Amino acid sequence: MKYILSFAVLFFLSSALNASEHAYGGIPSKGDYIKRKAYIIQFDAMHKTPRWVAYHVKPSNAENLPDRKIKKWGKFRDDSDINNEATEKDYSNQFKTWRNYAKGHLAPYYISGGDRDNDGITAAEGDKDDAEAVYEIMYMSNMAPQHHSNFNGPGGLWYKLESYVRDDLLKKQRKEVWVFAGCIFGPRSYDRIGDGVEVPPMFFKIIITEEKNKPRILAFFFPHQINKHGDIEDFLVSVNIIEAMTGLDFFPEINDEKMERESTWVNWINNNI
């Protein structure tokens, strides 16, 4: 019996450490979430999309990525831990329609690289433990329908923001970054694909870096429109706005309302001078 209890305690501590690593300032909602190698996720079974994901990424995790052109790395996978997720069949031929829906990663592929277990070998070099992080990024539970050409693809807001984090914050400034990303639904979804997979009309992303051990926050609220619209800095908001739209409570362990209200424009300017 004592061994079972010891295992349970170790499992709880492992889960708590994983959560604290990825979810800066604490888990933003009640309910179950699932821990992965490179992120944690709370899944929304009603809409068949992530409610939110959280991840902590270091510059090394955006390097030495396996080539997605090789089938085993680029293959989308069913998630055995989640019921009622979307399937590849739900997305069948959507990419070829005028809506041009793609499988949009909430936790992006570029965060799954590097030597996460510190054994001197990366997934691209054959490390099975690090490979698990790559495989989990490709779970269908981590996807939401996103307009490819003008939102998820080059020139779109989601693409621009992912590029900013990867190319500027991680590669150029060599910062550690924490991210919350998720879908926002109103009373009704404006579109569906496949077997009841709802298309989010809005998305959010909150990006945290640290300066002198203090958080610097950039919060973005994106309408999911089919046409290109503006630059990412045009969609900066306070964290409070995203909380009001989602019912989530970010940074509950910090509990600093001023931090959540302070101007994201100031942080944007500080990050880009």
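The values are calculated or read from the model by the stated rules, or taken from the named source; none is laboratory data. Being a predicted model, the structure only gives us computed values, none of them experimental. Every residue, glycine as well, gets a Cβ built from its backbone with ideal geometry; the counts of neighbours run over all protein chains shown.
Here are a few things to note about the model shown:
- Of all the residues in region 191-205, those that are part of a strand (DSSP E or B), of a type outside the set (A, V, I, L, M, F, W, C) and out of contact with any His (no Cβ under 7 Å at 6 or more places or on another chain) number 2.
- When the test is whether a residue is part of a helix (DSSP H, G or I), in contact (Cβ under 8 Å) with a residue 60 or more places away in the chain and surrounded by fewer than 19 Cβ atoms within 10 Å (Cβ to Cβ), residue 132 passes it.
- Members of region 162-207 found to be in contact (Cβ under 8 Å) with a residue 24 or more places away in the chain, surrounded by fewer than 21 Cβ atoms within 10 Å (Cβ to Cβ) and in contact with a Phe, Trp or Tyr (Cβ under 7 Å, 6 or more places away or on another chain), listed by number: 166, 178, 184, 193, 194, 202
Yes/no matrix, rows are residues, columns are (1) closer than 9 Å to residue 141 by Cα; (2) acidic (Asp, Glu):
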position	(1), (2)
76	no, no
82	yes, no
85	yes, yes
109	no, no
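- All positions within region 138-179 that are among the small types (Gly, Ala, Ser), at pLDDT 95 or above and part of a helix (DSSP H, G or I): 141, 163
- Check on residue 188, more than 18 Å from residue 106 (Cα to Cα), modelled with pLDDT of 95 or more, part of a loop (DSSP other than H, G, I, E, B) and out of contact with any Cys (no Cβ under 7 Å at 6 or more places or on another chain): no
- Residue in region 88-104 that is surrounded by the fewest Cβ atoms within 10 Å (Cβ to Cβ), counting only those that are under 19 Å from the mean Cα position of the chain (by Cα) and not aliphatic (A, V, I, L, M): 103
- Of the residues making up region 227-273, those that are assigned to a helix (DSSP H, G or I) and aliphatic (A, V, I, L, M) are 232, 239, 241, 242, 244, 245, 259, 266, 269.
- Residue that is modelled with the lowest pLDDT, among those in region 1-43 that are surrounded by 14 or more Cβ atoms within 10 Å (Cβ to Cβ) and hydrophobic (A, V, I, L, M, F, W, C): 19
- Boolean, residue 248 is touching a residue at least 24 places away in the same chain (Cβ under 8 Å), in contact with a helix residue (DSSP H, G or I) (Cβ under 8 Å, 6 or more places away or on another chain), within 20 Å of residue 186 (Cβ to Cβ) and crowded, with 16+ Cβ neighbours inside 10 Å: yes
- Test: residue in region 136-144 that is of a type in the set (Asp, Glu), more than 14 Å from the chain's Cα centre (by Cα) and crowded, with 18+ Cβ neighbours inside 10 Å: no
- Scan of region 117-128 for residues that are in contact (Cβ under 8 Å) with a residue 24 or more places away in the chain and surrounded by fewer than 18 Cβ atoms within 10 Å (Cβ to Cβ), ordered by number: 125
- Residue within region 247-267 that is within 30 Å of residue 99 (Cα to Cα) and within 20 Å of the chain's Cα centre (by Cα) present: yes
- The strands (runs of 3 or more DSSP E) found entirely in region 39-116 include none that carry 3 or more residues being in contact with a strand residue (DSSP E or B) (Cβ under 8 Å, 6 or more places away or on another chain), among the aliphatic types (A, V, I, L, M) and free of Cβ contacts under 8 Å to residues at least 40 places away in the same chain.
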